[in-house]
Amino acid sequence: MDRHSLAIIGAGPAGYTLAQELVKTNAFDIDIFDKEKEIGGAIYTGIPDYRMPKTFLTKAYEGLVENGVKFHFNTEVDHALFEKLQNEYDRVVVAIGAQVENTFGFDTGDGLYAGLTLLYDLNINHNHDDYKKYHHAIVWGGGNVAMDCARSLVRIIDDVKVVYRRSEEEMPANQVEIRDARKEGVVFNFLENIKEILRDENGQVVGAKVVKMELGEPDESGRRSTHEVADSEYVEKADLIVMAIGQKVNFKPLHDSLEKKEGHVSSLENVYIMGDAYTGPATIGSAVLEGKALAKEIVQSFVE
Ligand SMILES: Cc1cc2nc3c(=O)[nH]c(=O)nc-3n(C[C@H](O)[C@H](O)[C@H](O)COP(=O)(O)OP(=O)(O)OC[C@H]3O[C@@H](n4cnc5c(N)ncnc54)[C@H](O)[C@@H]3O)c2cc1C
């Protein structure tokens, strides 16, 4: 096979697994671009060290560098750079993850945070001391991001509650995470949802208006629907509220008309989409499988 050039945008598990697979063919010159200063994507920025030591990322990085892969860290790909990559490389792979957080229109600040922002502040900026001024925290959500937020905060603040609108059985977070959070002192308010963020006259968060929920029949997704219980609202006191209520993908920072088409092939010629950016928020295992699958597709695309 002739040599081909490949630009990968995103050094998360999807992007670096793709590179690991393709270096085995000895037929690709690979450049990986990432806005962060290290390999690992959400594993690096989101998952706290106490839960997952990162030595395997260092090994992955060193192995790739030894095999000639070039990393361009601290490099955010914008429209201009994306166009340049499209012009200069045989293939461009978008592995930017699903890192845009849902905030349901609430304005963050003064005690209201989005989950990934909080985790970045703790894991990367090491700003733990900034959170010592808070005394009562609510984490809103029931996934792994919510668990990481709650478990990180309970190491700093004594009173940390998780508000989740379904029951424990429906929680998407890993069972082990829920168990460990509980052991560490996190309190769970199941079948409750936040309706309103309450602030004082200076704009500082002082609590949340919470409503009790009940489960109904399964909806189209197969999960049981949720309904508010009439006249069940109450105020939960909190000076810190963290929203961990889902993430989505946004291709607009790269190109206005980039979107998923069929399989990993995108709407733009020779541009592929993979990992969480393709599947939506998923898991490390799924990102790794994505990397392996796309490596085969890309090799095949040069054979056809
Ligand atoms: C807090 C948290 C906890 C999690 N816990 C678990 C868990 O316990 N188990 C599990 O299996 N999964 C977990 N996950 C999910 C898992 O981490 C992700 O599914 C996986 O990392 C997705 O891999 P990816 O490579 O597709 O994207 P990501 O890991 O999101 O990597 C995307 C990379 O793209 C870079 N990027 C984005 N935009 C640009 C741009 N314009 N220019 C340059 N670079 C860019 C980002 O900096 C990032 O490094 C968790 C996720 C989070 C956030």
Cross-chain or 6+ apart pairs with Cβ under 7 Å, the stretch 139-163 first and of a type in the set (Phe, Trp, Tyr), then away from the ligand (no atom under 12 Å from the Cβ) and not in a loop (DSSP other than H, G, I, E, B): Trp140/Val163; Trp140/Ile194; Trp140/Ile241; Trp140/Met243
Sole residue being of a type in the set (Lys, Arg) and under 16 Å from Ala244 (Cβ atoms), chosen from Arg182, Arg166, Arg155: Arg166
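Looking at the stretch 285-304 only, could you name the residues that are hydroxyl-bearing (Ser, Thr, Tyr) and either over 21 Å from Ala27 (Cα atoms) or within 11 Å of the ligand (Cβ to nearest atom) (or both)?
Ser286
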Single residue of the stretch 1-28 satisfying the filter (more than 11 Å from Val69 (Cβ to Cβ) and of a type in the set (Val, Ile, Thr)) that is surrounded by the most Cβ atoms within 10 Å (Cβ to Cβ): Ile9
Unique match (being touching a residue at least 12 places away in the same chain (Cβ under 8 Å), among the β-branched types (Val, Ile, Thr) and within 30 Å of Ser301 (Cα to Cα)) among Val100, Val92: Val92
Residues of the stretch 64-108 satisfying the condition of being exposed (fewer than 12 other Cβ atoms within 10 Å of the Cβ) and aromatic (Phe, Trp, Tyr): Phe104
Any hit, the stretch 124-142, residues being among the β-branched types (Val, Ile, Thr) and assigned to a helix (DSSP H, G or I): no
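Results for (1) within 16 Å of Tyr16 (Cβ to Cβ); (2) surrounded by fewer than 18 Cβ atoms within 10 Å (Cβ to Cβ); (3) not aromatic (Phe, Trp, Tyr), shown as yes or no for each residue.
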{"site": "Val265", "(1), (2), (3)": "no, yes, yes"}
{"site": "Leu268", "(1), (2), (3)": "no, no, yes"}
{"site": "Val271", "(1), (2), (3)": "no, no, yes"}
{"site": "Met274", "(1), (2), (3)": "yes, no, yes"}
{"site": "Thr283", "(1), (2), (3)": "yes, yes, yes"}
{"site": "Val288", "(1), (2), (3)": "yes, no, yes"}
{"site": "Val303", "(1), (2), (3)": "no, yes, yes"}
Long-range neighbours under 7 Å by Cβ, at least six apart or interchain, first residue within 12 Å of Gly280 (Cβ to Cβ) within the stretch 246-259, second within 11 Å of the ligand (Cβ to nearest atom) and assigned to a loop (DSSP other than H, G, I, E, B): Gln247/Ala98; Gln247/Gln99; Gln247/Pro281; Lys248/Ala98; Val249/Ala98; Val249/Gly280
Some residue of the stretch 203-223 being at pLDDT 95 or above, in a loop (DSSP other than H, G, I, E, B) and surrounded by fewer than 22 Cβ atoms within 10 Å (Cβ to Cβ): yes
Filtered residues of the stretch 270-290 (kept if out of contact with any Pro (no Cβ under 7 Å at 6 or more places or on another chain), farther than 23 Å from Asn102 by Cα and in contact (Cβ under 8 Å) with a residue 40 or more places away in the chain): Asn270, Val271, Tyr272, Glu290
The one condition in (1) in contact with a helix residue (DSSP H, G or I) (Cβ under 9 Å, 6 or more places away or on another chain); (2) at positive phi; (3) modelled with pLDDT of 95 or more that Gly246 fails to fulfil: (3)
Hits in the stretch 145-182 (condition: within 22 Å of Glu214 (Cα to Cα) and either away from the ligand (no atom under 15 Å from the Cβ) or more than 22 Å from the chain's Cα centre (by Cα) (or both)): Lys161, Val163, Tyr164, Arg165, Arg166, Ser167, Glu168, Glu169, Glu170
Failed criterion for Leu119 (all others in (1) among the aliphatic types (A, V, I, L, M); (2) buried (at least 20 other Cβ atoms within 10 Å of the Cβ); (3) more than 13 Å from Val242 (Cα to Cα) hold): (3)
Residue list for the stretch 252-284, filter: at positive phi and either out of contact with any strand residue (DSSP E or B) (no Cβ under 6 Å at 6 or more places or on another chain) or within 8 Å of the ligand (Cβ to nearest atom) (or both): Gly263, Gly275, Gly280
Any hit, the stretch 183-200, residues being within 21 Å of the chain's Cα centre (by Cα) and surrounded by 15 or more Cβ atoms within 10 Å (Cβ to Cβ): no
Residue within the stretch 230-251 that is within 16 Å of the ligand (Cβ to nearest atom), under 20 Å from the mean Cα position of the chain (by Cα), closer than 20 Å to Phe82 by Cα and surrounded by 15 or more Cβ atoms within 10 Å (Cβ to Cβ) present: yes
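The values are calculated or read from the model by the stated rules, or taken from the named source; none is laboratory data. The structure presented is a predicted model; accordingly, all values stated were derived computationally and were not measured. In this analysis, Cβ positions are derived from the backbone assuming ideal geometry, glycine residues included, and neighbour counts consider all displayed protein chains.
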